[in-house]
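K.L.:
To start, I am sharing the structure in question, which I have written as structure tokens.
Computed from the coordinates by the stated procedures, all read-outs in this text should not be read as laboratory data. Because the structure is predicted, anything quoted here is derived from the model rather than measured. Methodologically, a virtual Cβ is constructed for each residue, glycine included, from the backbone with ideal geometry; neighbour enumeration extends over all protein chains shown.
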Amino acid sequence: MSDDNSRQEPVLIPDEGTQQSGAASRIRNYFLTGLILVGPLYITVSLTWWLINWADDVMRPVIPMWMRTETYLHYRVPGVGLIVAFLLLTLLGFLTANLVGRTLVETGEKLLNRMPIVRPIYKTMKQIFETLFSKNGSSFRKVALAEFPTGMWSVVFLTPSPSPYIAERLPGSDFVSCFLPCTPNPTTGFFFYAPRNKIVELDITVEQAMTLIMSAGMVQPSVDVQKKLAALADAARASRAGEATAPQPASVK
């Protein structure tokens, strides 16, 4: 028998440390997969449950005893307060739509306008709610890129244009109102006016922009949207470079 046939291939025995490392890696991957599945679901359910309980607690003093579920079932059914709040707000809106309701609302507003401390708070809140929930409102309908601070591009939301009183005092003819939300809490941020030609509007939804901001850039829009963002940013940089290299008019002595 030849030496080649008598040779046996060496058998590789897996290292014990390698096996333990592979098992630990698989367990870690399984754990992270379960966390990704359960985490968002748990947070969503918790927030929904908190909202239902909050509405029940707020509406509890308004609901009479004969309408409370614990009167008949000996335990409270969650969600009744939320349903009652929805029905009451709908009924209030229906009553306000007629002449008698509008008269009562105008009388109440006149009374509030005579109160020094309550008047500015009520008027500000009313304007905000009318702007947010108006059918033809333009608040937070568009997303754009703004160079703020200088040399950096930030995602902003375009709010209604400045009023004529402010517009005529701005150093230009066409300005837009911008709200720059902070990360990860988009309810706080910076508000400023910017020239419309310095703003690059984006073809993404407000929800996509909110997700981008709240995740600190970890959750990016789709690939197509990323390509559009890159193209718009390149166009904005090219425009600024062209303005910087453009010859300045000679001064007249």
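K.L.:
Please arrange TRP54, TRP66 by counting, for each residue, the other beta carbons lying within 10 Å of its beta carbon, fewest first.
P.N.:
TRP66, TRP54
K.L.:
Using a cut-off of 13 Å between beta-carbons, work out the net charge of the residues near PRO78 (Lys and Arg +1, Asp and Glu -1, PRO78 not included).
P.N.:
Around PRO78, the charge tally is 0.
K.L.:
Could you give the length gained by full extension between ILE166 and ILE52, i.e. 0.36 nm per residue of separation minus their alpha carbon distance, to one decimal place?
P.N.:
That pair, ILE166 and ILE52, stretches by 36.8 nm at full extension.
K.L.:
Can you tally the net charge around TYR193? Count Lys and Arg as +1, Asp and Glu as -1, for every other residue whose Cβ sits under 12 Å from the Cβ of TYR193.
P.N.:
+2
K.L.:
To make sure I understand, if each residue's beta carbon is the centre and we count other beta carbons within 10 Å, what order do LEU158, LEU73 fall in, fewest to most?
P.N.:
Result, fewest neighbours first: LEU73, LEU158.
K.L.:
Compute the FRET efficiency between LEU37 and MET214 as 1/(1 + (r/R0)^6), taking r as their Cβ-Cβ distance and R0 = 25 Å, and round to the nearest 0.05.
P.N.:
0.80
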